[in-house]
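A.B. asks: For reference, the structure I am asking about is given below.
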Ligand code: ADP
Ligand code: ZN
Ligand code: ZN
């Protein structure tokens, strides 16, 4: 066939560029940019592609293929998204396919290996089905689940995708996935005298008489009456009643006889389906002033940094601003660090904006993701909340993007391509769709602070807490001194211990922070000094007491804890270092009465473990919460007046140019969890180096000085914001080949860079993960260089490197703006 029209497609492949397919006349009638189509690629496979553009430039070098099927009538990807994806691919140096794969819910990618499941076996309008649909329907009635490939065999066609699509639209089948349960808040059973007999003496006596031969039930009923009088209407849990002498069987019989009633009500505030909306709080004078300043800055700047101390009411200001943006008919994107750790804020927003709020959960399954995508496409929401990947949603008419806790490192995607920074991307998106961007934090990142100081962003500061409550008083505890004077039990100094006792006495809850999980990061043999290491990674194994295992935190490898040293056989094995699990044990020993819970990735494994713990904490069923940095993110608990840091040292001594910035942010944020309601809170930070400048600055809330010092160092040593970084990470199972390849690329790049700007190859602190050796080459781009040219150069030299077969097998991950 001699086509004159062609379409460029985005395919989910790790190959550069778009792919050309020819179009038939009938294709031309229905084609729209942003539609999904199924196309053949390679020998056999069908892929889902997105129409990127249409043109008449016939490729000269190869024969094009045609489009197999259209999967949508209307575009499912917006023109703006395609433009955004292109920017991401070029800035972060990855393929369009990489972006597509990350951006697009995989359930929308009907592919050969996808499975479909029958969800409506009672479908009645069989006469509406075409022959192929009917065949697949019949097959599914027998088997429930089949793959897309099998469906093609059944209908004897090259592809079953068009047929399956029809069946999906009819609600007969869906793409298969294990259905994930939704979180239902904890519900307790309560018991009371049945309302029908309460106060009705006659009915009551009748029941009592009928219980003459059931002494236990009779006693329980009488006891319940007494309790209800004593409790003055306070609800009684079934579980508590059982503790007082009744039994579940007795209560059940009484309920069956209509003597008592078992009922439930939600104890939780973490409730997704709340219907009643609440008014947004009236802003204070100060907060209102800040709101006005933000709007003034937006008049001339696209980005504004709101620097407001913890608990100053930043969230309240966001709410107000969102309300105003929505009133003008625009939408809002609200970016959060990690959705799972921010239940509280989602709840606060939903309370005011109800069902007009769309929430993107990283725990969503594929079908939920598709549903959200389609709702956003239809414009169903005023506010879309989510972690970094929410930026890939197909929204329109956005007036404002809020980046909450903008300093958070979880805005950077590190595990899959593209390795993007959502805060930075939000600003690009903002300028593309003409939306304003508000960055907010109590401890802004160096980059944002610097840009604000340079006048690139607007800058607004809020220095007092809501209710004029003083920021917590932060004191340092010198661990060396405590040990010298024996003023310490295990790792809890007596100053810290006494403060906790005081808090518990006043029925306050306590939050404690320790930046390491597990029991102890290192096991060591006392006789020979041997330390068990991971067989797959160059890292020592962490001891987990609860499971009695040694675990690798990099690859997940686990082994039972050995009883003897594998090297010399000695039984004297010691642990070194301090993890949350160990602190939990120590606390349990020191405070045997206290209800202690732990929050770290190990303790939060189960689904909704996090939500449950938050709920228990809010319901005051927890006295002491010990956790890793999970506990620092935006918690707003009223009953916490005191926060303790077990050991600040590992934060300070981290080998990374961001270590001091992060330590300051983290410690300030942890401290900010104390004293958020009525009175000034207190914080104790234990450390072996209390004289450390960062710790000193934390205690005096000296953010500006800290940033000034750090900015000075960054300038001295050529780090951002004075340079831009690109890290080339080489990975291979053969160390020799790895090193050779990296060295070769450095040779190729050398002529174009100053010595100070091309570093490595150098192995990172963990030089082998999962049997892959790793080495890094770091490139610094100076302000007078064009980042685009540098990126082109890197690409060109990698291509040159790859002309030699031996180098090609070494994987190179390019990380632009590494964190
Ligand atoms: P931030 O986001 O700066 O940490 P929040 O917005 O969480 O601060 O405010 C801290 C606490 O004070 C919250 O419980 C919030 O509801 C309350 N608060 C702040 N501003 C007001 C206000 N204007 N009216 C009523 N409550 C407020
Ligand atoms: Zn040994
Ligand atoms: Zn490992």
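A.B. asks: Among (1) part of a strand (DSSP E or B); (2) at pLDDT 90 or above; (3) out of contact with any helix residue (DSSP H, G or I) (no Cβ under 7 Å at 6 or more places or on another chain); (4) more than 16 Å from ligand 3 (Cβ to nearest atom), which single condition is residue 543 missing?
C.D. replies: Here residue 543 clears every test but (4).
A.B. asks: Something else about it: Among the residues of the stretch 412-430, are any crowded, with 22+ Cβ neighbours inside 10 Å, assigned to a loop (DSSP other than H, G, I, E, B) and within 12 Å of the chain's Cα centre (by Cα)?
C.D. replies: No, the stretch 412-430 contains no residue that is crowded, with 22+ Cβ neighbours inside 10 Å, assigned to a loop (DSSP other than H, G, I, E, B) and within 12 Å of the chain's Cα centre (by Cα).
A.B. asks: Answer yes if at least one residue in the stretch 542-557 is touching a residue at least 24 places away in the same chain (Cβ under 8 Å), within 16 Å of ligand 2 (Cβ to nearest atom) and over 28 Å from residue 632 (Cα atoms), and no otherwise.
C.D. replies: No.
A.B. asks: Taking residue 519, is it surrounded by 22 or more Cβ atoms within 10 Å (Cβ to Cβ), more than 15 Å from ligand 3 (Cβ to nearest atom) and either closer than 20 Å to residue 598 by Cβ or in contact (Cβ under 8 Å) with a residue 24 or more places away in the chain (or both)?
C.D. replies: Yes; evaluated as a whole, the condition is true for this residue.
A.B. asks: One residue is enough: does the stretch 661-678 have a residue meeting the conditions free of Cβ contacts under 8 Å to residues at least 60 places away in the same chain, surrounded by fewer than 24 Cβ atoms within 10 Å (Cβ to Cβ), assigned to a loop (DSSP other than H, G, I, E, B) and touching a helix residue (DSSP H, G or I) at 6+ places or on another chain (Cβ under 9 Å)?
C.D. replies: no
A.B. asks: In the stretch 431-441, what residues are modelled with pLDDT of 95 or more and assigned to a loop (DSSP other than H, G, I, E, B)?
C.D. replies: Residue satisfying the conditions is 435 alone.
A.B. asks: Would you list the strands (runs of 3 or more DSSP E) that sit entirely within the stretch 96-201 and hold 3 or more residues that are modelled with pLDDT under 85?
C.D. replies: 115-118, 145-147, 187-193
A.B. asks: Let me confirm something: among 733, 723, which residue is in contact with a strand residue (DSSP E or B) (Cβ under 9 Å, 6 or more places away or on another chain) and buried (at least 16 other Cβ atoms within 10 Å of the Cβ)?
C.D. replies: From the options 733, 723, the qualifying one is 723.
A.B. asks: Can you spot a residue in the stretch 587-595 that is touching a residue at least 24 places away in the same chain (Cβ under 8 Å), buried (at least 17 other Cβ atoms within 10 Å of the Cβ) and either within 15 Å of ligand 2 (Cβ to nearest atom) or part of a strand (DSSP E or B) (or both)?
C.D. replies: Checked against the condition, which is being touching a residue at least 24 places away in the same chain (Cβ under 8 Å), buried (at least 17 other Cβ atoms within 10 Å of the Cβ) and either within 15 Å of ligand 2 (Cβ to nearest atom) or part of a strand (DSSP E or B) (or both), the stretch 587-595 yields no hits at all.
A.B. asks: Another one. Considering the stretch 248-274 alone, what residues qualify as being part of a loop (DSSP other than H, G, I, E, B) and at pLDDT 75 or above?
C.D. replies: Within the stretch 248-274, 257, 258, 259 meet the criteria.
A.B. asks: Spot the failing condition for residue 559; the list is (1) within 16 Å of ligand 3 (Cβ to nearest atom); (2) assigned to a loop (DSSP other than H, G, I, E, B), and only one is missed.
C.D. replies: So the condition that residue 559 fails would be (2).
A.B. asks: While we're looking at this one, here's another question. Give 417, 375, 412 a once-over and let me know the one that is free of Cβ contacts under 8 Å to residues at least 60 places away in the same chain, more than 16 Å from ligand 2 (Cβ to nearest atom) and touching a strand residue (DSSP E or B) at 6+ places or on another chain (Cβ under 8 Å).
C.D. replies: Testing whether each residue is free of Cβ contacts under 8 Å to residues at least 60 places away in the same chain, more than 16 Å from ligand 2 (Cβ to nearest atom) and touching a strand residue (DSSP E or B) at 6+ places or on another chain (Cβ under 8 Å) leaves just 375.
A.B. asks: So for the stretch 58-74 (the condition being out of contact with any strand residue (DSSP E or B) (no Cβ under 7 Å at 6 or more places or on another chain) and within 23 Å of residue 369 (Cβ to Cβ)), does at least one residue qualify?
C.D. replies: yes
A.B. asks: From the residues in the stretch 531-552 that are closer than 10 Å to residue 769 by Cα and touching a strand residue (DSSP E or B) at 6+ places or on another chain (Cβ under 6 Å), which one is farthest from ligand 1 (Cβ to nearest atom)?
C.D. replies: Top of the filtered list is 538.
A.B. asks: Okay, moving on. Of the residues that sit in the stretch 522-540 and are in a loop (DSSP other than H, G, I, E, B), free of Cβ contacts under 8 Å to residues at least 24 places away in the same chain and surrounded by fewer than 21 Cβ atoms within 10 Å (Cβ to Cβ), which one is nearest to ligand 3 (Cβ to nearest atom)?
C.D. replies: 535
A.B. asks: What do you reckon, is residue 564 in a loop (DSSP other than H, G, I, E, B), in contact with a strand residue (DSSP E or B) (Cβ under 9 Å, 6 or more places away or on another chain) and crowded, with 18+ Cβ neighbours inside 10 Å?
C.D. replies: No; evaluated as a whole, the condition is false for this residue.
The values are calculated or read from the model by the stated rules, or taken from the named source; none is laboratory data. From a predicted model like this one, the values you see are computed outputs, not experimental measurements. With ideal geometry, Cβ positions are generated from the backbone for all residues, glycine too; neighbour counts draw on all protein chains shown.
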